[in-house]
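The values are calculated or read from the model by the stated rules, or taken from the named source; none is laboratory data. All values reported here derive from a predicted model rather than from experimental measurement. Note that we place each Cβ from the backbone using ideal geometry, even for glycine, and neighbour counts take in every protein chain shown. Accessible surface areas use protein heavy atoms only, side chains included; no ligands, DNA or RNA. Shrake-Rupley method; radii C 1.70, N 1.55, O 1.52, S 1.80 Å.
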Amino acid sequence: MTVRRRGLMGGALLGAGAASNFLRAGDALAQGVQPRRGGTLQSILTPEPPILQIGVNNQGPTLIVAPKMFEGLLTFTPTLEPIPVLATSWTISPDNKEFVFKLRENVTWHDGRPFTAEDVIFSVMKFHMEVAPRARAIFSLIETAEAPDPHTVRFVLKQSFQPFLLMFDATACAMVAKHLFDGQDYRTAPAVQRPVGTGPFRFAEWQRGNFIRLERNPTYWQEGKPYLDNIIYRIVPDSQSRRLALESGQVQLTSASDIEPFDVPAMRSRPNLEVSTQGWEYFSPLSWVELNHRVAPLGDARVRQAMSLAIDRNFIAQRLWFGIGKPATNPVASTTRFFDRSVALPAHNIREANALLDAAGHRPNAQGVRFTLKHLVLPYGEVWSRLAEYLRQSLRQVGIALELESTDAGSWARRIGNWEYETSVNFVYQFGDPTLGVERTYVSSNIQKVTFTNTGGYSNPEVDELFAQARTASTAAERQTAFTAVQRILVRDVPQIWLMEMAFPTISDKRLRNVITTGLGVHTNFADVFLAS
Amino acid sequence: MRDFWRRYRRNKGAVVGLALLLLVFALAAAAPLLFPGSPWDMAGAPFLPPGEMGMLLGTDSLGRDVAAGIAHGARISLMVGAVSTIFALGVGVSLGAIAGYLGGFADDLVMRFTEFFQTIPSFVLAILLVAIFTPSITSVIAAIAIVSWPPVARVVRAEFLSLRGREFVQAAEVLGKSRLSIVVGDILPNALSPIIVLASLMVASAILLESALSFLGLGDPNLMTWGFLIGSGRSVIRLAWWMSVFPGLAIFVTVLSLNLVGEGLSDALNPRLARQRGGAA
Amino acid sequence: MEASRLPGFLARRVVKSVLVVLAIVVCNFLLVHAAPGDPASVMAGQSGAADPLFLEQLRRQFGLDQPFHIQLWVYLKSVLSLDLGFSHRQQAPVAQLIAERLPATLLLTGAAFIFAVGGGVALGALAARRVGSWADSAITALALTFYATPLFWVGLMLVLVFSVWLEWLPSFGMSSVGVELHGMAVVWDVAQHLLLPALTLGLFYLAVYARLTRATMLEVADQDFVKTARAKGVPEGRITRAHILRNALLPVITFAGIQAGQLVGGSILVETVFAWPGIGRLAFEALLARDYPVLLGVFFCTSVIVVLFNLATDLLYAVIDPRVEVG
């Protein structure tokens, strides 16, 4: 499914007119089918999230369910242009320091109270600032936040920060009701158990281990929407049961990791199902072999280059992921802003890999082993175990013995965070902009004993400098120059061995329309989704 | 010995079981000859059905030979079964002997301890142990041994209790033999029969336990085991039934043969209870 | 047994059971805390980004900054007041989480247990009555087969046959969601969902009970009092019912007590295969996420169930066997 952008320009000039254009574009996707009111959408959620209060919990499943109930000021097209949601328009000063949002009027919370600028300021400056580390890192750049009137919010930043708008999607900064949280412990407030947002669906019931049901919000601000009466997310821990549920029509929608990659070809061939890998452009997850540079000989760029050459990314994309996602070429995913397609990793080449290892002084012993490395298997499911097994066999071909260690999600995160690993696999969301999602892995100021920082310990002053330039530059052109330069250096140094631009299949019953209309795919509010008869 | 074999032979199932078990052993021994190279090698196209392109039992999702996996897996499964049983026997026999021979407070203490271990859901305990000490061949074997010893302790204690009062033990005590040498030299040999029978059944349940752990993703990632094969084939069962059917059959045949052999041993070693078939451990 | 001795017996058993439960609580606590990794780092990892401040907040919340013995003491005290703690990961009291899941597990294990004991004893008795007949051989062979087949494998095969090929039964879940059902329709719906998992969990134990019943019945049949009864001309059917089966049930009951814990363990596998929303799956998920309060709570809960069950089998034993020395 593709989304045509009509009348969508850069964020700075966008107004309400363009917005309704986009929404009409969404409707047009149904190809002349009149949207139908009513019906229950049954979907699947894997694994069951602990809580649905976005911000307090930001795991994948929460990011799917919560945006039906909570909305952000904006959302984004597949090419990462902003779309108005709770903000109708905004203006940005030329130096990218001042951001003024005009808020939609007549929006109410599910409990009937009106949504105002106070809620926005509370959500940004207090709620997400406290509970969400990623938001805190960005929002601490805000110098002043004020509400000149109940439907206008003005943020002034301490420095130029072009990617600021990207933080206002529901998945990054959902608007929460000030009157339900202010003065309480945000993590244990009663509202955490019964989420209250402004979205098209309200929380209805949750039978733990069984299902979550959301019901239509009759007072939603978009007249006549949402179309669906209910959305039910069933909790099905077994992947084959999930596939059966989809095939038998018990559920009409699966997303993320619900369906294993090897089952996708069979799903594609079913006439009643539609398979799409769109809708992950905002997140653009990139996977890589995570290397700990403190472990000899991984500090040697030649060794890392050789390991990179020994891995056949096409095999991984085709055989392990069955063509879902594509080989990575660069530390920046091709769907992320400022990706430079002219900078690419060299292709699979065993001979060259061997030559590099020889040159680095690692001679094979009698068994043909140059050195042995431990590999912490990413505990996110079967396909990742297969990947580890593939890596072990392919690195063995160039004389590197990989010894697998399996672990649970908790130990994995702890050991990566404490640098207690030699190699592993990791995948990380890029959030649309290298400053938001790429920089953190490579700059030496972010070498921390915390997961999803620069845990590998790569340090290069040139790279630090270029990322810093790109972060504060006020024009896109300046940022592109810096990012292109940094991509060149990183592809030469291979601090981490990038594997795949990940994608996840969204599989839906063909009667279900408008599922993927934005760059966030199933992580949007589903106000436009309907079941055709 | 000939007498033993004569009695064993009378149980036809046991003879079949022995033949099957020998076959499994032969497969394990011949694995490196039949399938040289690593069972992890991507030898062919993925998802080849059995018989195609020289792959007797088909290939898995990465094109690895299922037959090679089963042959190499036999070594590991048997090894896990045997080693964990040896450790469980070590613990169980020691505790059972202490309890049965010393009696009194020691008996009470050991039996409470044993009961305690039997009360904890053993599979849950095994999962917990493997997860805590991270899945590896050592932790898997240790976990299986830790949850398997209580029945041994009970059986050995019962045997020792009944043998303790016999004349040959009293005679040995009068002769001034040390307690240890009485326990090891006099009583234990007479208590061996039920231990041997129990051991064969324990190997069987250890193999089942290992496969269940691997099924839940708690196996050693560096070793090819039957449990791993089923675990990896399970989610593609409708795409490639052979990936989980054949390793499942391998487990079934091995566990079955061990059970049959256990019954045969029980018949042969304990003629009085020749008709008893209650081998549940 | 004499009625007057029963209360004393009961009191001793209850005291012993409480001690066992306490020991289990302490043991589990020690075991789980021996685990590497703490819940804070897990949550931080799963939320996609983390900073030291966030980790510190979480650790404080979990009480992980407290000394070890204080954590244990706090836990013991709260368990004694039946407060199983609070799962910060699930943002809900542990007792509530378990209470939500417990009925499903009790239903599954209960159904499997009744099926296993009922079917096992019946098959075992049948086989023992006709030793050497084809029925005996068939039952023995069947019992051996199920005994030697991995539990999860049976589950997969049943799904393959009854859900995928024949499309007779649902393959997962406990009820159909999204359809409005009332009265008997609900019972029927749950029963359909229950059939395959209960069968899977029950078949292995059915094999165990069949073998056990057959073996003990044959043993009892050899004993003098049975021979005497037979010599006195008591009809064979009555001998089987009144003498052999009754005595043969004793080891079955003992075994059932021991087996209660195994059944809970087996339910983890079955609940995973069939997406059954019980505590077995809750425990496994909690383990993978290092959700200590939930894990501790589940272990406490299962051990209480097992101990209660053992208590019940002890009593039953005393009732069935008048000779038994209670205490």
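For the structure I just gave you, tell me whether residue B:249 is away from chain A (no Cβ under 14 Å), open to solvent by 30 Å² or more (accessible area, probe 1.4 Å) and of a type in the set (A, V, I, L, M).
Yes.
Can you tell me which residues in the stretch B:182-207 are open to solvent by 30 Å² or more (accessible area, probe 1.4 Å), of a type outside the set (A, V, I, L, M, F, W, C) and either at pLDDT 85 or above or within 22 Å of the chain's Cα centre (by Cα) (or both)?
B:189, B:193, B:194, B:205
Would you check which residues across the stretch A:162-185 are part of a loop (DSSP other than H, G, I, E, B) and either surrounded by 21 or more Cβ atoms within 10 Å (Cβ to Cβ) or touching a strand residue (DSSP E or B) at 6+ places or on another chain (Cβ under 6 Å) (or both) and list them?
A:169, A:174, A:175, A:176, A:177
Take the stretch B:219-240 and flag every residue that is of a type in the set (A, V, I, L, M), facing another protein chain (nearest Cβ under 8 Å) and assigned to a loop (DSSP other than H, G, I, E, B).
If the condition is that a residue be of a type in the set (A, V, I, L, M), facing another protein chain (nearest Cβ under 8 Å) and assigned to a loop (DSSP other than H, G, I, E, B), then B:236, B:237, B:239 are the ones that fit.
Assuming residue A:275 fulfils every condition listed in (1) more than 14 Å from every other protein chain (Cβ to nearest Cβ); (2) surrounded by 19 or more Cβ atoms within 10 Å (Cβ to Cβ); (3) not in a loop (DSSP other than H, G, I, E, B) apart from one, which condition is it?
(2) is the only condition that residue A:275 fails.
Checking the structure you have, find out if any residue of the stretch B:41-49 is charged (D, E, K, R) and within 13 Å of another protein chain (Cβ to nearest Cβ).
Scanning the stretch B:41-49, I find at least one residue that is charged (D, E, K, R) and within 13 Å of another protein chain (Cβ to nearest Cβ), so the answer is yes.
If you check residue B:245 against the conditions, is it free of Cβ contacts under 8 Å to residues at least 40 places away in the same chain and in a helix (DSSP H, G or I)?
yes
Exactly one of (1) in contact (Cβ under 8 Å) with a residue 40 or more places away in the chain; (2) more than 12 Å from chain B (Cβ to nearest Cβ) is unmet by residue C:189. Its number?
Every condition holds for residue C:189 apart from (1).
Assess whether residue B:94 counts as being open to solvent by 10 Å² or more (accessible area, probe 1.4 Å), closer than 30 Å to residue B:189 by Cβ, within 14 Å of chain C (Cβ to nearest Cβ) and not aromatic (Phe, Trp, Tyr).
In short, no.
Any residue in the stretch A:450-466 that's more than 11 Å from chain C (Cβ to nearest Cβ) and more than 17 Å from residue A:497 (Cα to Cα): show its pairings with residues that are of a type in the set (A, V, I, L, M, F, W, C) and part of a loop (DSSP other than H, G, I, E, B) at Cβ separation under 6 Å, as long as the two are six or more apart or on different chains.
From residues that are more than 11 Å from chain C (Cβ to nearest Cβ) and more than 17 Å from residue A:497 (Cα to Cα), the pairs are A:464/A:443.
How do the helices (runs of 4 or more DSSP H) wholly within the stretch B:96-180 filter down when requiring 2 or more residues that are in contact (Cβ under 8 Å) with a residue 60 or more places away in the chain: which remain?
Result: B:122-132, B:137-164.
Whether any residue in the stretch B:32-48 is free of Cβ contacts under 8 Å to residues at least 24 places away in the same chain and more than 30 Å from residue A:384 (Cβ to Cβ) is what I want to check.
Within the stretch B:32-48, one or more residues are free of Cβ contacts under 8 Å to residues at least 24 places away in the same chain and more than 30 Å from residue A:384 (Cβ to Cβ).
Taking the stated definitions as given, is residue C:186 within 20 Å of residue C:105 (Cα to Cα), at pLDDT 80 or above and open to solvent by 20 Å² or more (accessible area, probe 1.4 Å)?
So residue C:186 fails the test.
Checking the conditions here, which among A:191, A:137 is free of Cβ contacts under 8 Å to residues at least 60 places away in the same chain and of a type outside the set (D, E, K, R)?
Residue meeting the stated conditions: A:137.
Hand me the list of helices (runs of 4 or more DSSP H) wholly inside the stretch A:376-478 holding 2 or more residues that are charged (D, E, K, R) and open to solvent by 30 Å² or more (accessible area, probe 1.4 Å).
A:382-396, A:409-417, A:461-472
Which ranges mark the helices (runs of 4 or more DSSP H) fully within the stretch C:217-304 that have 1 or more residues being buried (at least 23 other Cβ atoms within 10 Å of the Cβ)?
By residue number, C:246-273, C:279-288.
For residue A:191, which of the numbered conditions (1) open to solvent by less than 20 Å² (accessible area, probe 1.4 Å); (2) under 23 Å from the mean Cα position of the chain (by Cα); (3) at pLDDT below 95 fails to hold?
Among (1) open to solvent by less than 20 Å² (accessible area, probe 1.4 Å); (2) under 23 Å from the mean Cα position of the chain (by Cα); (3) at pLDDT below 95, residue A:191 violates only (2).
Considering only the stretch C:68-94, state which residues are in contact (Cβ under 8 Å) with a residue 12 or more places away in the chain and within 13 Å of another protein chain (Cβ to nearest Cβ).
Scanning the stretch C:68-94 gives C:86, C:87, C:88, C:89, C:90, C:94.
Applying the selection to the stretch A:474-510, what residues are more than 30 Å from residue A:249 (Cα to Cα) and among the polar types (S, T, N, Q)?
Result: A:474, A:475, A:480, A:481, A:484, A:487, A:496.
Is it the case, given these coordinates, that residue B:133 is surrounded by 15 or more Cβ atoms within 10 Å (Cβ to Cβ) and closer than 22 Å to residue B:216 by Cα?
Yes: the conditions hold for residue B:133.
Out of the residues in the stretch B:155-171 meeting the condition of being surrounded by fewer than 21 Cβ atoms within 10 Å (Cβ to Cβ) and basic (Lys, Arg), tell me which one is nearest to residue B:191 (Cα to Cα).
B:164
Run down B:63, B:73, B:37 and say which single residue is more than 18 Å from residue B:247 (Cα to Cα) and not acidic (Asp, Glu).
B:37
Collect the residues in the stretch A:219-242 that are within 28 Å of residue C:280 (Cβ to Cβ) and assigned to a loop (DSSP other than H, G, I, E, B), keeping them in residue-number order.
A:236, A:237, A:238 - these are the residues of the stretch A:219-242 that are within 28 Å of residue C:280 (Cβ to Cβ) and assigned to a loop (DSSP other than H, G, I, E, B).
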